[in-house]
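The values are calculated or read from the model by the stated rules, or taken from the named source; none is laboratory data. Since we're looking at a predicted model, the values are computed, not measured. Note that we place each Cβ from the backbone using ideal geometry, even for glycine, and neighbour counts take in every protein chain shown.
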Amino acid sequence: MPYFLDANNLIGRVRGAARPEQEDRDALVKEVSERLRRTRAKATLFFDGPAGRATSLGNLSLRACGGSADEAIVREVERSTRPREIVVVTADRGLARRVRDAGAKVLLPDIFWRSFGAATPAERKPEAAIDVEDWMDYFADEGNRD
């Protein structure tokens with residue numbers, strides 16, 4: 001089941017960036033690719049903006065759409081011979097309606113982040129306790145200060 005991700009919509013929801021910078025895009029690619037490593041899912045991130053070469057990073061593909069990612073996502077769903085297998089991740093109501101009308105499923109970003117490739121409890125690392133006394137001793141030594 002392929003996932004089509006409305007990248008700018010996800011960035012806006014997660015990072016609060018109305019106009020994503022390259023740093024925001026890179027952070028999203030990293031997060032999604034890490035989650036994909038724990039699954040067998042395939043996903044495509046559709047980015048608004050100037051056209052670029054499609055890039056494949058294993059189970060993750062990146063597309064710079066040359067305009068609206070929404071239009072590119074709708075076109076891909078409409079071209080598919082199996083649109084019912086496609087899951088579009090977006091909070092954009094207009095896009096959600098259009099891809100549903102074309103036969104795809106829609107998943108809200110919040111649900112996607114909670115469930116898609118989330119680390120299992122065994123994979124989560126417990127936070128290390130901070131020993132304040134060790135830090136106090138460290139900085140009490142004149143040789144450890146700048």
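Close contacts from the stretch 24-50, counting a first residue that is in contact (Cβ under 8 Å) with a residue 24 or more places away in the chain and within 22 Å of GLY66 (Cα to Cα) and a second that is of a type in the set (Ser, Thr, Tyr) and not in a strand (DSSP E or B), with Cβ to Cβ under 8 Å and a gap of 6+ residues or different chains, come to ASP48/SER68. All of (1) surrounded by 12 or more Cβ atoms within 10 Å (Cβ to Cβ); (2) among the aliphatic types (A, V, I, L, M); (3) at pLDDT below 80 hold for LEU28 with one exception: (3). Provide a single number: the residues in the stretch 31-52 that are of a type in the set (Asp, Glu) and part of a loop (DSSP other than H, G, I, E, B). Final tally of qualifying residues: 1. Every test in (1) assigned to a strand (DSSP E or B); (2) at pLDDT below 90 is passed by SER61 save one, and that test is (2). Filtering the stretch 64-73 to residues that are surrounded by fewer than 17 Cβ atoms within 10 Å (Cβ to Cβ) and assigned to a helix (DSSP H, G or I) leaves only GLU71.
Restricting the stretch 74-120 to residues that are assigned to a loop (DSSP other than H, G, I, E, B) and not small (Gly, Ala, Ser) leaves a set whose member that is surrounded by the most Cβ atoms within 10 Å (Cβ to Cβ) is THR90.
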